[in-house]
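Heads up: the structure comes next, in structure tokens.
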Amino acid sequence: MADYVWHLKTCELFADLSAEQIRRLEVVSRLRRFKARETVYLPTETADSVFLLVSGLVKICHLTPDGKQSTLALVRQGELFGELALLDALQRDEFVEALEPSTVVMIPSDVLLDVMSQASIVGTQITKLVGLRQRRIQRRLQHLLFLSNHDRLVHLLLDLSEQFGIVTTAGVELQVKLSHQELANLIGSTRETVTIILGQLKDEKMLEVTRRRIVLLDREAMALSVQRLPSNINSSRGHQ
């Protein structure tokens, strides 16, 4: 049980909970570990718990009618997922897979809702987190409808730099390792197309790509190329 308490206490979302509220969550939560490529949950499973990612990286996916995989979002350490269980959803409508060895705490949604009703600041923080993810997903879906493969990939790399980027002497390095196929799943394209576009961006001196390591050499130029305002990156932030 001590591990549960430590993970919950160190999660920024729960930092303002009292010791008693932490204990309430701790006694009903379960700790689970998943190997890379292992499924965390599948569509149609009962939505009765929320997941806190305490280590690793997972992706939220959707299967298209023709059986293809579309990646909706990436979840990093300290974030919740499966949060639709808080909205009285009866079953999951997406599936989640670990991209690397990952540890999660499963929290019953009814208990978390009760704690949220007692600590409004936690409810506000969770709402902001969910809202931010939904905006990212909606923006990505808009890009799928209206932008070229090139522009969709550039927008994705900029999004990833905001979520997982750290400033280095070379540029903004993405602290997440994604294959060309995984990048393709995020923009609704093919691995071959992603490889070609990455090569073009590399030739234009905007990117450095080596063995799934990506550094944005000129992030501002990339943003301007797709008519997007560049945002600030915290130079002290790594992969949390």
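The values are calculated or read from the model by the stated rules, or taken from the named source; none is laboratory data. Given the structure is predicted, the values throughout are model-derived calculations rather than measurements. Heads up, the Cβs are rebuilt from the backbone with ideal geometry, glycines too, and the neighbour counts pull from every protein chain shown. We work out accessible area using only protein heavy atoms, side chains counted, and drop any ligands, DNA or RNA first. Shrake-Rupley method; radii C 1.70, N 1.55, O 1.52, S 1.80 Å.
Given in Å, the Rg to one decimal and the Dmax to the nearest whole number for the Cα atoms of the stretch 139-240 are 12.6, 36. So which helices of the chain fit the span-like rule, where a helix is a whole DSSP H run, its Cα atoms reach 30 Å or more along the axis, and its mean Kyte-Doolittle is at least -1.0? Membrane-span-like by this rule: 120-146. Which entries in the list K9/K68; K35/K205; K68/K177; K35/K202 go over 30 Å, if you measure between the two C-alpha atoms of each? In this structure, K9/K68; K35/K205; K35/K202 lie more than 30 Å apart at Cα. Taking springs between alpha-carbon atoms closer than 10 angstrom, which of D151, D66, D203 fluctuates most in the Gaussian network model of the chain? Of the options given, D66 has the highest mean-square fluctuation.
Give a quick list of GluC sites (Glu not before Pro) in the stretch 136-240 that DSSP marks as loop, anything other than H, G, I, E or B, with at most 11 other Cβ atoms within 10 Å.
Sparse-neighbourhood loop GluC sites (Glu not before Pro): none present.
Solvent-accessible area assigned to carbon and sulfur over the chain amounts to 52 percent, based on a 1.4 Å probe.
For the stretch 172-177, backbone phi angles converted through the Karplus equation (6.51, -1.76, 1.60; θ = phi - 60°) give residue-by-residue couplings of 9, 8, 7, 8, 8, 9 Hz, Gly and Pro being listed as x. Let me know the shape class of the stretch 105-165, please: from the alpha-carbon gyration tensor, a ≥ b ≥ c as square roots of the eigenvalues, rounded when a/c is under 1.5, otherwise prolate if a/b is greater than b/c, or oblate. Here the stretch 105-165 falls in the prolate category. Of the residues R32, R23, ranked by 1.4 Å probe accessible area with the largest first, the sequence reads R23, R32. Among residues other than V115 with Cβ under 12 Å from its Cβ, the summed charge is -3 (Lys and Arg +1, Asp and Glu -1). Relative contact order of the chain: 18 percent, from C-alpha pairs under 8 Å at least 6 residues apart in sequence.
Could you identify which residue out of L156, L229, L53 has the top mean-square fluctuation in a GNM of the chain using Cα springs shorter than 10 Å? Of L156, L229, L53, the most mobile in the Gaussian network model is L229. Roughly how many Å is it from the Cα centre of the stretch 183-225 to that of the stretch 4-79, as a whole number? The stretch 183-225 and the stretch 4-79 have Cα centres separated by 29 Å.
Among (1) 0.93; (2) 1.04; (3) 0.98, only one was calculated for this model; which label is it, if the read-out is Rg/Rh (Cα atoms, Kirkwood Rh)? Working out Rg/Rh (Cα atoms, Kirkwood Rh) from the coordinates points to (3).
Amide H contacts for Y41 (H built 1.01 Å from N in the peptide plane; partners 5 or more residues away or on another chain; cut-off under 5 Å): V96.
Can you tell me the relative contact order of the stretch 131-240? Whole percent, Cα pairs under 8 Å, sequence separation 6 or more. The normalised contact order for the stretch 131-240 reaches 31 percent.
Over the stretch 30-139, what is the relative contact order in percent, taking alpha-carbon pairs closer than 8 angstrom and at least six residues apart? Could the numbers behind the result be given before it?
Numbers: 217 pairs, mean separation 41.5, N = 110.
Reported as a whole number, the value is 38 percent.
Checking every one of the trypsin sites (Lys or Arg not before Pro) in the stretch 56-100 against DSSP loop status and a limit of 11 other Cβ atoms within 10 Å picks out K68.
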